[in-house]
1. Can you tell me the order of 59-68, 79-88 when each peptide is scored by its average per-residue count of other Cβ atoms within 10 angstrom, highest first?
2. Stretched out fully, how many nm does the piece from Asp29 to Thr55 gain, at 0.36 nm a residue minus the Cα gap?
3. In whole Hz and in residue order, list the ³J(HN,Hα) couplings for segment 68-82 that follow from phi through the Karplus curve 6.51 cos²θ - 1.76 cosθ + 1.60, θ = phi - 60°; x for Gly and Pro.
4. Using the Karplus curve 6.51 cos²θ - 1.76 cosθ + 1.60 with θ = phi - 60°, work out ³J(HN,Hα) for each residue of segment 40-49 in order, rounded to whole Hz, and write x for Gly and Pro.
5. Which order do you get for Arg54, Arg99 if you rank them by accessible area with a 1.4 Å probe, largest at the top?
6. Fully extended, how many nm does the chain gain between Ala83 and Val36 (0.36 nm per residue separation, minus their Cα-Cα distance)?
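The values are calculated or read from the model by the stated rules, or taken from the named source; none is laboratory data. Just so it is clear, the model here is predicted, and its values are computed rather than measured. Backbone-built Cβ (ideal geometry, glycine too); neighbour counts: all protein chains shown. What goes into the accessible areas is simple: the full protein's heavy atoms, side chains included, and nothing from ligands, DNA or RNA. Shrake-Rupley method; radii C 1.70, N 1.55, O 1.52, S 1.80 Å.
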Amino acid sequence: MTRREHASTKELRRGERSVMVISAQERLDDVVVAVVEVAAEAGESGTYTADVARTLAAVVGKVGARIAAEAETRGFRCGWREAVVLSADGAQDGARVFRMPAGPGN
């Protein structure tokens, strides 16, 4: 692991195991760096074409979209988990939980 990776990576402890968490931005940075390296190697070897450029751009787009979707899902899960804990404990630490009445027909 490089110094940058070590400095920017968070370690979470869950029970007995450690989980390395890399931010979405860092993951996307890694993808872009890899794509630039591939483009540079293709340019040096004389095989860089418009098709290669389109393919590399598609890779960044698809991986970027996946990273963004995972980040949104992770954020939703964390928020949901927090809401469940707060609703189970009632109003603690100044937090207030509002229960919505069931709508018509429910």
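1. Highest to lowest by the protection proxy: 59-68, 79-88.
2. Length gained, Asp29 through Thr55: 7.6 nm.
3. The phi angles translate into 5, 5, 5, 5, 5, 5, 4, x, 5, 4, 5, x, 5, 4, 4 Hz.
4. For segment 40-49, the Karplus-derived couplings read 5, 5, 5, x, 5, 8, x, 9, 6, 10 Hz, x marking Gly and Pro.
5. Per-residue accessible area, sorted high to low, gives Arg99, Arg54.
6. That works out to 12.8 nm of additional length.
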